[in-house]
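What follows is a single structure, and I will ask about it in a moment.
The values are calculated or read from the model by the stated rules, or taken from the named source; none is laboratory data. The structure presented is a predicted model; accordingly, all values stated were derived computationally and were not measured. Neighbour counts run over all protein chains shown; Cβ positions are idealised from the backbone, glycine included. The accessibility values were calculated without ligands, DNA or RNA, using every heavy atom of the protein model including side chains. Shrake-Rupley method; radii C 1.70, N 1.55, O 1.52, S 1.80 Å.
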Amino acid sequence: MMNQLSMHDLKRFKNEITRFMMTYKFALDAMETRIEILVQEFEMLHEYNPIEHTKSRLKSPESIFQKLIRKGGDMSFEGIRESVKDIAGMRITCSFLSDIYVISNMLKKQGDLKVLGEKDYIKHPKPNGYQSLHLLIEVPVHMSDREESVCIEVQIRTIAMDFWASLEHKIFYKFNEGNQAVPARLLEELKQAAVAASSLDRQMERLHAEIAEIKEEQTADAVASDKLNRIVINNQQFALPQALLGLLNEDDV
C-alpha cells in the first residue's frame with residue numbers, strides 16, 4: 001500500500017512540475033509571437049527591422065532548485081515564483097543602441113504586460129564591463145482552467161554587446177571547469193574589450209543617424225521636385241509638359 005501511495009504521489013508531483021514548467025514555456029511562446037508582430041509592423045511601416053534575432057531558454061528543474069536553495073527560498077512552487085525570476089529568459093539582439101530603447105518602450109506600452117523590474121546595464125555597466133538592458137516582465141498565460149501571470153527575464157542588447165558577453169562567458173566557463181581564478185590581467189583586458197565594443201556601438205549609432213538624415217533629405221527633395229513638376233488649377237492637378245521643362249533647362253544653361 002505504501003509503495004502504491006508513493007508512486008501515486010510521485011506521479012502527481014511529476015504532473016505538477018510539468019504543468020509548472022509548461023506555463024513558462026507558454027509565456028516565452030507568447031512573447032516570441034509579440035516580438036514577431038512588432039518586427040512585421042516595423043518592416044511594413046518603416047521598411048526597417050530593429051531586431052537582428054531572438055533567443056529563448058528555460059532553466060532546468062535542477063538549476064531552479066539549486067538557485068532556490070542558494071537564495072534560501074521556500075521549497076514550494078509559490079516559493080520558486082517568488083525567489084527565482086529568471087526561469088524563463090529571452091534575449092533580443094538589436095542592430096543599434098537606440099533600437100534597444102525602442103523595443104523596450106514598445107513592450108512597456110502593451111497593456112496586458114506588467115514590468116516588474118528594470119536594470120539598465122548600458123547606462124550603468126557592471127564592473128566587468130557587461131552591458132545590456134534587463135526587464136522582468138509578467139506575461140498572462142491562458143491555461144485550460146485558469147490564467148497564470150508568469151515572470152520572464154528579457155535581455156535586450158546590441159550585436160557588439162552580445163558578442164562580448166558570449167565570449168566572456170566562454171572564457172569564464174573554462175576557468176570554472178578547473179576551479180581556477182581568472183588572472184587579473186585577463187579581467188582587465190576583458191573590461192577594455194567591453195569599452196571597445198561600447199565605442200563601436202556609439203560610432204555605428206552616429207553613422208546610422210547620419211545615413212537616416214541624408215535619406216530623409218533626399219526623399220524630401222524628390223517630393224519637392226515632383227511638386228514643382230505639377231500645377232494645380234481649380235483643384236485639378238496637371239503635369240507640366242516635358243518639352244516645356246526642357247526649354248526651362250535650356251534657359252538655365
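When the residues of the stretch 24-74 are narrowed to those that are open to solvent by 90 Å² or more (accessible area, probe 1.4 Å), modelled with pLDDT under 90 and not in a helix (DSSP H, G or I), which ends up nearest to residue 140 (Cα to Cα)?
74
Could you look through the stretch 77-88, keep only residues that are open to solvent by 40 Å² or more (accessible area, probe 1.4 Å) and either within 23 Å of the chain's Cα centre (by Cα) or not acidic (Asp, Glu) (or both), and pick out the one that is nearest to residue 54 (Cα to Cα)?
Per the stated criteria, the residue is 85.
Report those strands (runs of 3 or more DSSP E) wholly inside the stretch 90-187 carrying at least 1 residues which are surrounded by 20 or more Cβ atoms within 10 Å (Cβ to Cβ), modelled with pLDDT of 90 or more and out of contact with any Ser or Thr (no Cβ under 7 Å at 6 or more places or on another chain).
133-142, 147-158
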